[in-house]
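Some notes on the structure that comes next.
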Amino acid sequence: LLVGTLDVVLDSSARVAPYRILYQAPDSLVYWTIACGCSRKEITEHWEWLEQHLLQTLSIFENENDINTFVRGKIQGIIAEYNKINGIKEDDDTEKFKEAIVKFHKLFGMPEEEKLVNYYSCSYWKGKVPRQGWVYLSINHLCFYSFLMGREAKLVIRWVDITQLEKNATLLFPDMIKVSTRSSEHFFSVFLNISETFKLMEQLANIAMRQLLDNEGFEQDRSLPKLKKKSPKKVSALKRDLDARAKSERYRALFRLPKDEKLDGHTDCTLWTPFNKMHILGQMFVSTNYICFTSKEENLCSLIIPLREVTIVEKADSSSVLPSPLSISTKNRMTFLFANLKDRDFLVQRISDFLQQTTSKIYLEKNISGSYISSDDEVFTRSSSSVSASPHKSLSSESEGERQFNLNDNGIPTATQALMTMYRRRSPEEFNPKLAKEFLKEQAWKIHFAEYGQGVCMYRTEKTRDLVLKGIPESMRGELWLLFSGAINEMATHPGYYEDLVEKSMGKYNLATEEIERDLHRSLPEHPAFQNEMGIAALRRVLTAYAFRNPNIGYCQAMNIVTSVLLLYAKEEEAFWLLVALCERMLPDYYNTRVVGALVDQGVFEELARDYIPQLYDCMQDLGVISTISLSWFLTLFLSVMPFESAVVVVDCFFCEGIKVIFQLALAVLEANVDKLLNCKDDGEAMTVLGRYLDSVTNKDSTLPPIPHLHSLLSDDVEPYPEVDIFRLIRSSYE
């Protein structure tokens, strides 16, 4: 079935002509517009050309598909030739787009301020009949127009009225986009650019939702990434803006970067990884303040290099083994070697521009603006001969490292095994297996840091994740939470911000501060740290400072529980920036007055439950359990429903892997209780089953003194639930 209209040779997008020549394949209800004309004379000329150049040729084809392919190719060839002869370039779309804008405003009676983003050829299905025409996508509306055989079809839908967008492929409709509103469903079949059309629709619908939530209008971003000279400007500035926005959002989410960071560009490259002596294939991303890398193979290796940490960027000599290499050195004496960079000179120039803009004092002191300009071959002044010698000078030599850090059969480093033996040689009274295990974990992380680097520029690999899943040592929790959440970057670039906020918010009262005061003594009351005024005061300062930073959120219940746990492992300012990362990036819209983000994820969780635990799904829907449970689990990251020492392990994994950990764990908990839940008669009984199960989740490695934690639904006379090991539960949730 035809799913689109080919561009016609003469100006078809600017006007609807009364005369058309249509191409229809046998046994098909749909046709392509091959040509159009304003007069009978004009259309007759087209027909005569077709008789001479096309119709006779078609008789030699035996297969219908071959005919379709030939006709389409031929017409597209004519368009390309016409454009070439008339000097119409690929990026010369401004006149055409201006005409489309005029047509859009005229056809649909849109005000001048309504901005058109793009328009696509498509068919709109009214019943079983396709109406061929154009779909216009603007900031606030989806519109369709068709004029066929004297009949006009018009459709205008506001993005905020759309409840669902789906891209379907069925036998009847090969490439179909279904647009649902509360009152109706609309179907569009798009022949060309279906993925692009659908992505743009999704993005515009999401922007409309965002504006509803924030009560803000749409602002076009004028500071778009700089284009390479070769890059054709194929789309309008507004479409480019939206594309850049979408890419920047994905980039920030992938590397947990501050929410105002804008991606400048990305390129394929390889990265030398000294820990396994390999060149890993992946992509380098460059933005205003960061250089990042992620491997093509998922979880193999990723890297975040803040420009504030960079000391030297140099081009090394190309060789057949290492074409177009680029070496980047940082303050902590790590050197990263990238190669196979397609447009190295352009890339180095961009990095150089961003380095000069960096606000870091070191660059201002050294006045680097003069030292980056050198000969054509070298953008930076330092000699490049040192690059290939040792890509990772800060580490001890590999042979020594290998000798020290071999693993034994139990997966415990042999050096650590020796330390453990020494630890055991103390008197038996002194030996504490839990402390020994904690000591082992610390050693494993220290070995990891020696091999993969420490701090924000460390190589992040599957091994890093595996260590997190085994539980972060108590002494390193704060440091690693800051690192994995990206809060370390915001803290480093905003010195003194928290102190100023605390000072400004002191003694000020509003609804948020009233709610904070009410909840202070309900935040982890069983923990000794919050049984005195010192702990309570720190919690008050962090929550009040955040309420003043972000009045849209202010304060929401559950923030007190999460923040009190952050304060146990991080300093006050660090806890504040962790809360910022949590509320604004990792769990967006979770903690506003309507907890919209949590409700959205609840909907996602219900769909996952339907896919992964179908036998339980119908029963749970009847009991209404999913909506009841998931809100508290998701909002407090299991901190309010699990024993403290087990729940912090969940928080470890969350900061490393994001919200997917909570989805996985919630599914694993439901799956472990399938049989019991199927026998429940009401939601109260189901809640008791899950409450007792979660209460029994233990962390046998924990060195913390036991903190009493009893689920409110658990009564003393009930037989205790068998213990569930938190690490086993997390492992099964991943499997």
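Take the conditions assigned by the TED database to the domain that holds Y498, hydroxyl-bearing (S, T, Y) and in a helix (DSSP H, G or I) and apply them to S632. Does it pass? Against the criterion (assigned by the TED database to the domain that holds Y498, hydroxyl-bearing (S, T, Y) and in a helix (DSSP H, G or I)), S632 does not qualify. Residue count for segment 491-524, restricted to those that are under 15 Å from E572 (Cβ atoms) and acidic (D, E): 3. On inspection, A575 passes the criterion of being open to solvent by less than 10 Å² (accessible area, probe 1.4 Å), free of Cβ contacts under 8 Å to residues at least 40 places away in the same chain, in contact with a helix residue (DSSP H, G or I) (Cβ under 9 Å, 6 or more places away or on another chain) and part of a helix (DSSP H, G or I). Tell me which residues, restricted to segment 242-280, are in contact (Cβ under 8 Å) with a residue 24 or more places away in the chain and in a loop (DSSP other than H, G, I, E, B). Matches in segment 242-280: R256, L257, P258, K259, E261, K262, P274, F275, K277. Considering segment 523-540, the residues that are among the hydrophobic types (A, V, I, L, M, F, W, C) and without any contact (Cβ under 8 Å) to a residue 24 or more places away in the chain include one that is least open to solvent (accessible area, probe 1.4 Å), namely I536. For segment 281-311, filtering for residues that are part of a strand (DSSP E or B) and either open to solvent by less than 40 Å² (accessible area, probe 1.4 Å) or in the same structural domain as N489 (by the TED database) (or both) leaves 17.
Summed over segment 544-568, the residues that are more than 21 Å from H494 (Cα to Cα) and either outside the structural domain of T513 (by the TED database) or part of a helix (DSSP H, G or I) (or both) give a count of 7. Residues that are under 19 Å from F147 (Cα atoms), more than 44 Å from the chain's Cα centre (by Cα) and open to solvent by 90 Å² or more (accessible area, probe 1.4 Å) within segment 24-66 comprise just one, R40.
Taking the criterion of being at pLDDT 85 or above and open to solvent by less than 20 Å² (accessible area, probe 1.4 Å), the residues of segment 700-732 that qualify are I726, L729, I730. One residue stands out in segment 610-631 among those that are touching a residue at least 40 places away in the same chain (Cβ under 8 Å) and within 22 Å of N560 (Cβ to Cβ): the one that is most open to solvent (accessible area, probe 1.4 Å), namely T628.
The values are calculated or read from the model by the stated rules, or taken from the named source; none is laboratory data. In this text, all values refer to a predicted model and were calculated from it rather than measured experimentally. Here the Cβ is made from the backbone with ideal geometry for all residues, glycine too, and neighbour counts use every protein chain on show. Protein only, heavy atoms only, side chains kept; ligands, DNA and RNA dropped before computing areas. Shrake-Rupley method; radii C 1.70, N 1.55, O 1.52, S 1.80 Å.
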